[in-house]
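See below for the structure under consideration.
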Amino acid sequence: MSSQAPTRQVPPPLWLLAELTYRCPLHCAFCYNPLDYAKNTKELSTEQWVSVMKQARELGAVQLGFSGGEPLVRDDLEDLVAEGHRLGFYTNLITSGVGLTEARIARMKECGLDHIQLSFQDSTKEMNDFLSSTKTFDLKSRVANLIKQYDYPMVLNVVLHRYNLDHVGRIIEMALEMEVEYLELANTQFYGWALVNRDQLMPTREQLQRAEAVVNEYRAKVGNKVRILFVVPDYFEERPKACMNGWGSVFLAVAADGTALPCHAARTLPGLTFPNVAESSVREVWYESDAFNRYRGDAWMKEPCRTCPDKEKDFGGCRCQAYALTGEAENADPVCGKSAHHEGLQKIVMQAHVKQVQPTALQPIVFRNDANSCKVRQE
């Protein structure tokens, strides 16, 4: 166990994300799954997932999300939902909707599923299907109707970027027509496939400002009818977010193969060996593993984070972003205006803007699929 974070000082995980599989019918260019997901075909069995859920619940976890890839690819999803409900979790299905038939949603209702988060890529069939590289808009629309038919609270999630930011008003109108309770307009955060496609997806500051103004107009108009969350992308901020509310403090993700992670993108960090729940107990993973203890507390921090009065609020920002942009995970997140690398981040934003007004300078979008997974990995 790391001396930085003795067990008595570490709160239990509250949120367990079960990434049941990397298989997915969509090919989104902003997917956060690993670039080499195609080689990771091993998946935990039903029994192993049940064991993970039991252990996490015993530690104190209360929220359970089923995601992927596409969790509906798993034939045992209903069994896992039922077990999560039996254990006392609040259960959430995070889905593209592909595979959610009426028979399956009825079964999940019986099994005690509490919540469904449905993703769309845009408000129009043409753009939705282009961005996912599939023909799924009509299917998603039918699934949205099913979700309401079965009396579920529904979160509609739309990842925003330069291709659809200007459509935000139409996206909100679509959500209102679907009677969505919670609309998450999540501007692209640049990890995984989104980092590969950063130049293509990066919006301009003007686009963001226009979109946020539209969102605020709708908030004033609809009031409490639907809660609209608009998450500004980190690259355009001056202060870093408290990533995952602090490394290893709330969030525990378990990947399809059993690898335990403090955040979605943690495997991009060098020098860390992440534990596997097939080999270690969830308690050992959370409290004793070097990977989960590495960035707890503040002993790992360098300046300006070490003496910053905000370090208890933002925890130095995102370790994966710091590594991606500076080459060292221990550096301050370059989003922070105090970071020595902040100016470099601003240049990245400007360069992406220049490439947008000079389309010939842009490379084609790399869509998530097995073939591109191999290509990106080789590069």
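What is the one condition in (1) under 19 Å from the mean Cα position of the chain (by Cα); (2) within 26 Å of W300 (Cα to Cα); (3) not hydrophobic (A, V, I, L, M, F, W, C) that R239 does not satisfy?
For R239, the exception is condition (1).
Suppose we filter the range 286-307 for residues that are outside any helix (DSSP H, G or I), small (G, A, S) and under 15 Å from L272 (Cβ atoms); how many remain?
1
If you check every pair at least six apart or on different chains, which have Cβ atoms under 6 Å apart with a residue in the range 87-101 that is farther than 13 Å from T136 by Cα and in contact (Cβ under 8 Å) with a residue 12 or more places away in the chain first and a residue that is open to solvent by less than 20 Å² (accessible area, probe 1.4 Å) and of a type in the set (S, T, Y) second?
I94/S67
Would you be able to tell me the number of residues in the range 51-85 that are in contact with a helix residue (DSSP H, G or I) (Cβ under 8 Å, 6 or more places away or on another chain) and polar (S, T, N, Q)?
1
Please pick out the residue among A299, A278 that is closer than 29 Å to P71 by Cα, surrounded by fewer than 21 Cβ atoms within 10 Å (Cβ to Cβ), in contact (Cβ under 8 Å) with a residue 60 or more places away in the chain and not polar (S, T, N, Q).
Selected residue: A278, the only one of A299, A278 that is closer than 29 Å to P71 by Cα, surrounded by fewer than 21 Cβ atoms within 10 Å (Cβ to Cβ), in contact (Cβ under 8 Å) with a residue 60 or more places away in the chain and not polar (S, T, N, Q).
Which residues, counting only those in the range 176-217, are under 23 Å from N372 (Cα atoms) and either open to solvent by less than 10 Å² (accessible area, probe 1.4 Å) or of a type in the set (S, T, N, Q) (or both)?
Selection gives T188, Q189, F190, W193, A194, N197, Q200, L201, M202.
Just checking, does the range 106-125 include any residue being part of a helix (DSSP H, G or I), at pLDDT below 95 and within 23 Å of the chain's Cα centre (by Cα)?
So far as the range 106-125 goes, no, none of its residues is part of a helix (DSSP H, G or I), at pLDDT below 95 and within 23 Å of the chain's Cα centre (by Cα).
Going through the range 308-343 one residue at a time, which ones are of a type in the set (A, V, I, L, M, F, W, C), buried (at least 18 other Cβ atoms within 10 Å of the Cβ) and in a loop (DSSP other than H, G, I, E, B)?
F315, C318, A329, A332, V335, C336
Would the range 63-76 turn up any residue that is open to solvent by 10 Å² or more (accessible area, probe 1.4 Å), assigned to a helix (DSSP H, G or I) and in contact (Cβ under 8 Å) with a residue 40 or more places away in the chain?
Checking the range 63-76: at least one residue is open to solvent by 10 Å² or more (accessible area, probe 1.4 Å), assigned to a helix (DSSP H, G or I) and in contact (Cβ under 8 Å) with a residue 40 or more places away in the chain.
The values are calculated or read from the model by the stated rules, or taken from the named source; none is laboratory data. As the structure is a prediction and not an experimental result, all values here were calculated from the model. With ideal geometry, Cβ positions are generated from the backbone for all residues, glycine too; neighbour counts draw on all protein chains shown. Quick note on the areas: whole protein, heavy atoms, side chains included, nothing else; ligands and nucleic acids left out. Shrake-Rupley method; radii C 1.70, N 1.55, O 1.52, S 1.80 Å.
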